[in-house]
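Have a look at the structure below before the remarks.
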Amino acid sequence: MVQQGNQSKTKLIAKIAAVALVYLVVGKLGLRLAVLYPSASAVWPGTGLAMGVFLIFGYELWPGIFIGAFLTNLLTAGSVLTSVAIASGNTLEGLVGAFLIFRYANGREAFRRAEDIFKFALLAAVASTTISATIGTASLYLAGFTRGLPQSRIWLTWWLGDVVGALVVTPCVVLWSNRSTYQRSWKETADGWLAFASLMLVGEVLFGGVWLPPGIRHYPLSFLCIPLVVWGAFHLRPPEASTSVIGLSLIAVWGTVRGFGGFVETDKNLSLLLLQTFMSVVSMTSMVLCAVIWERKESANSLRIAKEELESKVAERTETLRELTARLLQIRDEEGRRIARELHDSTAQALAAVCMNLGAIKTHAERDEAAPTGLISETNQLVRGALNEIRTVSYLLHPPMLDELGLRSALRVYIDGFTQRSGIQVEQELPAELGRLPGDLETAIFRVVQECLTNVHRHSGSAKAAVRMSRQNGCITIEVEDEGKGMPAEMIRKIASSNSPGVGLRGMRERIQVSGGKLEVMSNGKGTKVRAEVPVQERHAAKEAHGD
C-alpha cells in the first residue's frame, strides 16, 4: 500500500511538472505579442490550457498552472509579489471556469450540445476571465509598474486575450481527450482533410501577405473564412474542427503581427484585439455548428440502431408466430384425430350397441313379447356412457361453467375431473373472494392452469400437484407446482430468454403477456413451479365475464 501511494504521488508530481512546463511555453509565446505592457497580451492561450487541464484531470493539478504562470511572469517583467498575484489570478480563473462548466454546462461533455456551448462561453470564457484580468491589472498598478498607462486598455487587452484563449484552446484540449467517441467512414475522413486543408490555404492567402496583390492585402476579406469554417463543421469531427480554428488563429496572428490581413491598424495592440474578436466569432460558429451536426448524426444513428433492433424483434416475432401457427395447425389436426378416435372407439361403439339393442327390443315388441330387463338396463348404461363422453369432450374444449359461474368454480370442477382421470392428487387454494374477472382474462388463466396440469401428467412423473391463486393489490397470482423430476437448467434458461422449447409454454406466455402480465418457470431438480402474475384493473372487479 505504501509503495502504491508513493507511485501515485510520483505520477501526480510528474503531471504537475508537465503542466507547468507546457504552461510556461505557451505563456512565453503569448507574452511575446504583448504591446501595452510585457505581462498583458491580447493573445493568451494559457487560459484555455488551464480550463482544459482542470476539466480533464480535475482540480488537483492546480499547482502546475500556478507554477507555470508564476515562472512565466517572473521571467518576463514585474516582481515576485506581482508574479504571485498574477499566477493566483490565472489559477483561480481556471478553477472557477472549470467549476462553472461542471456545474452548469455538463462538464467535459459541454461541447456536445449547442446549449452547453453557450453556457460555457458566457460563464467560463466571459465571466471567469474577469478574475485574472482584474487581479493582474490591479497588482501591476499597485506595485507601480503600470502607473501612467491606460488601465482600461490594459484590462480590456488582458480580458479579451483570456476570453479568446478559453474559446479557442479549451474546446480543442477537451475534445481531443474524447476523440474515441467520434466515429466516421473513410469518405468522411477524406472530405474532412479536404475541408481542413482548404481553410488553412484560404487563411494563408488572406493573412500570409504573399498571395494577394499589394493593393488589396489590407482589404477586409477575412469574412471569406466563414464559409470554409461552416464547411469544416459539416465534414470534420469536433476535435478536428477545433484544431482547424487554432490553425487559422495561428496563421491570422502571425500575419497580423507582420502587417498583413484585414485587421491591421496603426496601433498593433488594436489590430490584435480586432483579430481576437473575429476569432472568437469563428470559434463559436465552429463549435455550435459541430455540436448541432454531430448531435443530429448521433440522433440519426440512434434511430438507425433502434430501427434495426425493431426489425430484428419483428422478424423474430414473425418467425415465432409462423412456428406457432404451424404448430397450432398441427395440434388442431392432432386434436381432431384424437376426438375422432375417442368418438369412434367409445361413443360410436356405444351408440352402435344401443342401435342393436333397440333393434332387439323392436323385434320383441313386434312379437308382442316383453323386452328383457337386462337388455333395457344395458342400453340405458350405454346411453349414459356416451353422454358422459360427449360432455367430457365438450368440457375440455370449453368449460361452460367458466361462462356461467366464473373462474373459481370452473377450475374446481376441472381439477376434480383431472384428479379422477389422472390419479394425481391436486391441492387447491382458490380464494372465495376472487370474484369475477373479464372474460378473456378468465379464459387465459383457465387455459394456463389446464396446460400446466396437462404437462404435470405427461412429463413430471409426480403423484401430487398444487394450484394456488391469490388476488392482492390489483394483481392476480397463479402458481402451479408439482413434485416431479423437474426441468433441466438449459431448458429453464431458454424459457427465461423467451425461447420456450414447447408450444405449450409459448402459448401460456403469450396468453399472459397479452393480458399485460408475466410468466416464470422455476425448477430445482425436485419439481417445477409455474408462476404467473396478471394485473387487474379494479374497475373490472365486479364485471361479468361477458356482461356490460
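Is it fair to say Ala110 is under 33 Å from the mean Cα position of the chain (by Cα) and surrounded by 22 or more Cβ atoms within 10 Å (Cβ to Cβ)?
On the way: under 33 Å from the mean Cα position of the chain (by Cα): yes; surrounded by 22 or more Cβ atoms within 10 Å (Cβ to Cβ): yes.
Taking the combined requirement at face value, the residue satisfies it.
Checking the condition out of contact with any Ser or Thr (no Cβ under 9 Å at 6 or more places or on another chain), over 21 Å from Gln513 (Cβ atoms) and surrounded by fewer than 15 Cβ atoms within 10 Å (Cβ to Cβ), which residue from Glu433, Glu429 passes?
Working: Glu429 fails: out of contact with any Ser or Thr (no Cβ under 9 Å at 6 or more places or on another chain).
One residue alone meets the criteria, Glu433.
Could you please find all residues in region 426-463 being assigned to a strand (DSSP E or B) and touching a helix residue (DSSP H, G or I) at 6+ places or on another chain (Cβ under 9 Å)? Give the derivation first.
Start the filter on region 426-463 by keeping residues that are assigned to a strand (DSSP E or B), which leaves 426-429.
The answer is Val426, Gln428.
Please pick out the residue among Val503, Val530, Val534 that is surrounded by 14 or more Cβ atoms within 10 Å (Cβ to Cβ) and at pLDDT below 80.
Only one candidate passes the filter, namely Val503.
Residues checked against (1) touching a residue at least 60 places away in the same chain (Cβ under 8 Å); (2) more than 23 Å from Leu273 (Cβ to Cβ):
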site: Phe111; (1), (2): yes, yes
site: Leu140; (1), (2): yes, no
site: Phe145; (1), (2): yes, no
site: Leu149; (1), (2): yes, no
site: Val164; (1), (2): yes, no
site: Asn178; (1), (2): yes, yes
site: Glu188; (1), (2): no, yes
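Of everything in region 14-29, what is closer than 12 Å to Gly68 by Cβ and of a type outside the set (D, E, K, R)? Give them in sequence order.
Ile16, Ala17, Ala18, Val19, Ala20, Leu21, Val22, Tyr23, Leu24, Val25, Val26, Gly27
Return a yes/no flag: does region 85-103 have any residue that is within 25 Å of Thr277 (Cβ to Cβ), assigned to a helix (DSSP H, G or I) and polar (S, T, N, Q).
Within region 85-103, one or more residues are within 25 Å of Thr277 (Cβ to Cβ), assigned to a helix (DSSP H, G or I) and polar (S, T, N, Q).
For every residue, the table says whether it meets (1) at pLDDT below 95; (2) closer than 11 Å to Met51 by Cβ.
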| site | (1), (2) |
| --- | --- |
| Leu92 | no, no |
| Val96 | no, yes |
| Leu100 | no, yes |
| Arg112 | yes, no |
| Glu115 | yes, no |
| Ala124 | yes, yes |
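This table checks each residue for (1) assigned by TED's automatic domain parsing to the domain that holds Gln151; (2) farther than 21 Å from Thr157 by Cα; (3) in contact with an Asp or Glu (Cβ under 7 Å, 6 or more places away or on another chain); (4) surrounded by 21 or more Cβ atoms within 10 Å (Cβ to Cβ).
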{"site": "Asn6", "(1), (2), (3), (4)": "yes, yes, no, no"}
{"site": "Lys11", "(1), (2), (3), (4)": "yes, yes, no, no"}
{"site": "Val19", "(1), (2), (3), (4)": "yes, yes, no, yes"}
{"site": "Val35", "(1), (2), (3), (4)": "yes, no, no, no"}
{"site": "Pro38", "(1), (2), (3), (4)": "yes, no, no, no"}
{"site": "Ser41", "(1), (2), (3), (4)": "yes, no, no, yes"}
{"site": "Ser88", "(1), (2), (3), (4)": "yes, no, no, no"}
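Answer yes if at least one residue in region 197-213 is in the same structural domain as Val84 (by TED's automatic domain parsing), of a type outside the set (A, V, I, L, M, F, W, C), surrounded by fewer than 19 Cβ atoms within 10 Å (Cβ to Cβ) and touching a Leu at 6+ places or on another chain (Cβ under 9 Å), and no otherwise.
Scanning region 197-213 turns up no residue that is in the same structural domain as Val84 (by TED's automatic domain parsing), of a type outside the set (A, V, I, L, M, F, W, C), surrounded by fewer than 19 Cβ atoms within 10 Å (Cβ to Cβ) and touching a Leu at 6+ places or on another chain (Cβ under 9 Å).
Got at least one residue in region 63-73 being under 21 Å from Tyr141 (Cα atoms), surrounded by fewer than 20 Cβ atoms within 10 Å (Cβ to Cβ) and not small (Gly, Ala, Ser)?
yes
The values are calculated or read from the model by the stated rules, or taken from the named source; none is laboratory data. This structure is a prediction, so every number in the text was calculated from the model and none was measured. Using ideal geometry, Cβ is built from the backbone for each residue, glycine included, and neighbour counts are taken over all protein chains shown.
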